[in-house]
Amino acid sequence: MAGDTNFTNDIEESHKGHSYQTADAQGGFDVIKSDELTGKYMNLDLVINRYANERGQLIRILQKAQDIFGYLPEEVQAYIAERTGTPVSEVHGVVTFYSLFSTEPKGKNVFNLCMGTACYVNGAQELMDALKRRLNIDEGETTPDKLFTLKSARCIGACGLAPVLVINEDVHGKTSSSDIEKIIQSIRKKGEKSANKKH
Amino acid sequence: MQIKSIEELKSLKEKHLPLIKQRLGHRNGLGLTQVLVCSGTACTSSESEDIRIRLEEEIQNMGLADNVRVLKTGCFGFCEYGPIVMVHPGEIFYCRVQPKDVKEIVETHITGGEIVERLLYMDKHEGKRVYSIKDINFFKSQKRIVLRNCGVINPEDIGEYVARDGYFALADVVINKRKEDVIEHISKSGLRGRGGAGFLTGKKWEITATQDVTPKYVVCNADEGDPGAFMDRSILEGDPHSVLEAMAIAGYCIGAKQGYIYVRAEYPIAVKRLEIAILQASEMGLLGNNLFNSSFSFMIELRFGAGAFVCGEETSLLHSIMGQRGEPRPRPPFPAQEGLWGKPTLINNVETFANVPVVLREGWEWYSGQGTSTSKGSKVFSLAGRIKNTGLIEVPMGTSLRTVIFDIGGGIPGNKKFKAVQTGGPSGGCIPEEFLDLPIDYESLKETGSMMGSGGMIVMDEENCMVDIARFYLEFSQDESCGRCTPCRIGTKRILEILKRITEGHGEMEDLELLEELSYDVRDASLCGLGQTAPNPVLSTMRYFRDEYIAHVRDKRCPAGVCKGLLHYTIDEAKCAACGLCAKVCAVQAITGGRGQPYRIDPEKCVKCAACAAKCPREAILKGYQKGRGKNNNTGILTGSGSTEDRAAL
């Protein structure tokens with residue numbers, strides 16, 4: 001997150017119901033409606049109340065927090081640190097250690113290409129190259145329109161279907177470069193349709 | 001209902017036994033048809049859940065609900081042919097079933113009594129369809145000890161586990177046995193840890209039991225991080241209670257009241273099954289306070305991994321359970337002495353635990369009769385890579401690699417030649433063809449420079465480049481290195497740099513010596529298992545495939561045609577029909593040409609994506625090595641210009 005150092009103030013503000021700002025990956029600002037955010041923090045409070053009394057549940061709390069917020073911005077990390085009585089440095093240390101935690105917001109569609117050995121020997125690297133070219137982003141990045149995030153996954157254990165591409169929760173087995181084209185186009189089309197409906 | 005005695009356990013078993021017996025092939029005249037749908041991860045990924053729901057709907061609609069039951073079951077192991085649906089009686093085994101086939105199965109088989117031939121497994125050698133699971137080659141050479149319940153019981157119903165003699169070992173231990181005797185029993189069986197290192201399980205239990213510090217903890221390591229390995233996941237998905245029962249037995253023996261299962265969050269189905277299993281066992285009084293009216297109490301909680309390979313290492317795992325960064329620490333003290341929150345902790349792997357109830361029920365004499373002199377029992381392997389029958393298998397220790405790969409695995413697809421099999425994941429090594437008749441056990445695999453590991457087996461054929469495979473594993477280890485100790489943090493990075501250099505065609509002969517030296521240093525000086533074993537893929541490929549390394553370095557040639565830096569695409573002008581399809585598909589506009597004249601690839605622009613080669617209707621686009629290298633006089637090795645004739649000459 002760019003620039004914000006005094007995050008505890010931000011949290012207090014958000015609880016008072018002021019509009020709350022969060023930096024996106026490009027450094028611009030999206031204004032999120034305060035009641036939506038307050039709701040998220042209320043959900044987080046429920047999680048913390050549920051787990052804070054048990055020893056060693058920091059990872060669980062962070063996982064649930066990521067489910068609620070979609071990612072773990074510094075504000076959320078600081079909030080969890082304060083509520084659980086853990087130093088912020090320790091929370092941040094845990095967040096950056098594990099690959100499942102993300103400190104950046106993710107795109108609407110997360111492409112997780114399995115790079116396990118079985119997928120690799122069956123051509124996952126070529127698929128990854130094709131995806132990078134097609135989406136014009138590198139691994140771990142999100143497209144500027146926030147529609148796609150490209151990630152590589154550790155073995156998901158569906159080796160019989162290698163190479164495997166997981167899009168959000170859906171597993172696509174025996175994927176080829178031409179499948180990728182179809183998938184991306186159908187997502188783009190859906191996105192346009194729903195955008196048209198809104199306007 | 002709370003179960004407090006063996007008699008109560010027996011009556012629960014009796015209730016569920018007829019259904020189970022039918023699934024095992026008894027024709028007990030139940031007048032009932034059972035349809036089992038595989039609900040493991042691989043089959044679920046190919047819509048098995050949808051199949052199950054449609055089956056239920058269809059059966060409801062046809063008014064067959066009283067006589068037909070549709071059930072979930074664990075992984076059959078035959079993942080290549082999933083989703084799998086099995087119909088009892090008759091053990092009819094349907095492969096690659098799709099949701100649209102449901103209606104036909106119900107109408108033709110269940111109401112009509114006729115088998116749907118086209119969905120049966122096709123034995124290509126014999127050229128005929130196979131009706132029963134018992135006649136499929138994939139299953140013939142297997143011996144299922146740990147996986148005995150996978151594909152037989154519904155993992156979400158504790159009663160079915162009890163009907164397979166589940167929780168009887170726990171009841172017997174808690175009611176009748178002294179803990180010393182149980183530990184001795186496990187020791188005598190010769191059971192060794194299935195997580196990789198192969199430490200004697202009985203010994204581990206004994207060390208933890210003799211610590212006079214309380215409380216103690218039992219931990220199940222279900223952080224299966226090896227790429228290409230899914231044994232533990234399948235056990236948890238198909239037979240979760242076997243792990244719970246074993247953990248409770250371990251708790252009784254070492255004097256622990258609390259157990260933790262550390263499971264990967266990437267395994268949502270396994271997590272769900274475990275949650276259901278723990279809930280059901282607690283409701284039945286098989287976990288909780290005062291089991292079987294004794295003073296022994298045992299609880300199990302789940303803890304979730306968050307994607308860190310190093311957490312499979314036991315001291316890292318403990319840190320992660322305590323909610324910290326999963327970094328290892330030096331041993332001793334061992335976790336058996338100082339583990340979770342500084343207390344003695346017993347850590348075993350999923351498969352090790354799943355063996356325990358069997359060892360106790362069948363007796364150590366029986367168990368130690370299986371396998372080889374140093375490795376007892378069976379081992380579960382996940383077969384993947386360039387192999388026909390990808391899937392999960394279980395064979396007695398001592399079975400040869402050839403049996404596993406060619407008899408059970410069906411060999412290499414597409415008439416390609418076998419090159420190597422990789423065992424032990426990023427910590428293991430590649431075993432070449434000359435060792436195919438080697439019996440699989442802990443010692444023999446170690447001698448080849450590989451290791452048993454947790455049981456991932458990746459088969460590679462002539463189209464896989466061994467230098468590239470070594471690079472792949474090092475990239476994994478380097479990425480997963482936690483950074484705590486210098487040899488691993490920096491050493492793996494430097495090894496990876498050298499390997500990258502070699503695969504990109506910038507390697508020097510001195511690099512090979514440096515690579516070897518560095519590998520030994522990282523192996524000897526790293527703090528934990530990750531670093532100590534990370535160079536294994538490099539060392540083993542250098543040992544058996546040194547000629548491939550030399551080809552990359554000296555001749556700037558990748559014999560398998562994988563390393564892009566050494567590849568070069570050309571268009572065979574004689575074959576080219578100038579259709580322009582290649583130019584159209586090229587993402588970087590590297591191909592130029594026009595009507596009536598052959599197309600050309602600009603090597604400067606080409607990113608070697610092979611999209612053009614895939615599109616060309618005349619197979620005019622050739623993959624070859626860098627031009628202008630010619631014959632190397634020093635070695636006599638011909639480094640072709642890329643044409644097929646040159647390749648044939650090699």
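On the stretch given as segment B:200-234, residues that are assigned to a helix (DSSP H, G or I) and either open to solvent by 10 Å² or more (accessible area, probe 1.4 Å) or of a type in the set (Ser, Thr, Tyr) (or both) total 9. Filtering segment A:166-181 to residues that are within 11 Å of chain B (Cβ to nearest Cβ) and either over 19 Å from the mean Cα position of the chain (by Cα) or of a type in the set (A, V, I, L, M) (or both) leaves A:166, A:171, A:172, A:173, A:174, A:176, A:177, A:178, A:181.
Residues of segment B:111-152 that are closer than 19 Å to residue B:70 by Cα, open to solvent by 30 Å² or more (accessible area, probe 1.4 Å) and in a helix (DSSP H, G or I): B:111 alone. Among residues of segment A:97-117 that are within 14 Å of another protein chain (Cβ to nearest Cβ), those with a beta-carbon under 7 Å from a residue that is among the small types (Gly, Ala, Ser) and open to solvent by 30 Å² or more (accessible area, probe 1.4 Å) at least six positions away or on a different chain give the pairs A:100/B:265; A:113/A:152; A:115/A:152.
Selection of first residues in segment B:334-357 that are without any contact (Cβ under 8 Å) to a residue 12 or more places away in the chain and within 14 Å of residue B:259 (Cα to Cα) and of second residues that are among the hydroxyl-bearing types (Ser, Thr, Tyr) and part of a helix (DSSP H, G or I), restricted to Cβ pairs under 7 Å at least 6 apart or on distinct chains, gives an empty result. With respect to (1) in contact (Cβ under 8 Å) with a residue 24 or more places away in the chain; (2) away from every other protein chain (no Cβ under 14 Å); (3) within 17 Å of residue B:192 (Cβ to Cβ), the lone exception for residue B:401 is condition (3). Per the listing B:304, B:230, the residue uniquely within 13 Å of residue A:157 (Cβ to Cβ) and at pLDDT below 95 is B:230.
Per-residue answers, yes or no, for (1) within 13 Å of another protein chain (Cβ to nearest Cβ); (2) closer than 24 Å to residue B:271 by Cβ; (3) open to solvent by less than 40 Å² (accessible area, probe 1.4 Å):
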| residue | (1), (2), (3) |
| --- | --- |
| B:333 | no, no, no |
| B:339 | yes, yes, yes |
| B:360 | no, no, yes |
| B:372 | no, no, yes |
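Kindly indicate which of B:287, B:317, B:291, B:274 is within 14 Å of chain A (Cβ to nearest Cβ), open to solvent by less than 50 Å² (accessible area, probe 1.4 Å), touching a residue at least 12 places away in the same chain (Cβ under 8 Å) and of a type in the set (A, V, I, L, M, F, W, C). Answer to the check: B:317. The single condition among (1) open to solvent by less than 30 Å² (accessible area, probe 1.4 Å); (2) of a type outside the set (A, V, I, L, M, F, W, C); (3) modelled with pLDDT of 95 or more that residue A:92 does not satisfy is (1). Considering only segment B:440-453, I want to know if a residue exists there that is within 14 Å of chain A (Cβ to nearest Cβ) and open to solvent by less than 10 Å² (accessible area, probe 1.4 Å). There is at least one residue in segment B:440-453 that is within 14 Å of chain A (Cβ to nearest Cβ) and open to solvent by less than 10 Å² (accessible area, probe 1.4 Å). Kindly indicate whether residue A:62 is among the aliphatic types (A, V, I, L, M), within 11 Å of chain B (Cβ to nearest Cβ) and surrounded by 21 or more Cβ atoms within 10 Å (Cβ to Cβ). Yes.
Scan (1) in a helix (DSSP H, G or I); (2) touching a Gly at 6+ places or on another chain (Cβ under 6 Å) for the single condition residue B:155 breaks and write down its number. It is condition (1) that residue B:155 fails. If I filter segment A:123-132 for residues that are touching an Asp or Glu at 6+ places or on another chain (Cβ under 8 Å) and either open to solvent by less than 10 Å² (accessible area, probe 1.4 Å) or within 10 Å of chain B (Cβ to nearest Cβ) (or both), do I get at least one hit? Yes, segment A:123-132 contains a residue that is touching an Asp or Glu at 6+ places or on another chain (Cβ under 8 Å) and either open to solvent by less than 10 Å² (accessible area, probe 1.4 Å) or within 10 Å of chain B (Cβ to nearest Cβ) (or both).
The values are calculated or read from the model by the stated rules, or taken from the named source; none is laboratory data. Computed from a predicted structure; not experimentally measured. Because the Cβ atoms are built from the backbone with ideal geometry, glycine has one as well, and the counts that use them run over all protein chains shown. Note: areas computed on protein heavy atoms with side chains; ligands, DNA, RNA excluded. Shrake-Rupley method; radii C 1.70, N 1.55, O 1.52, S 1.80 Å.
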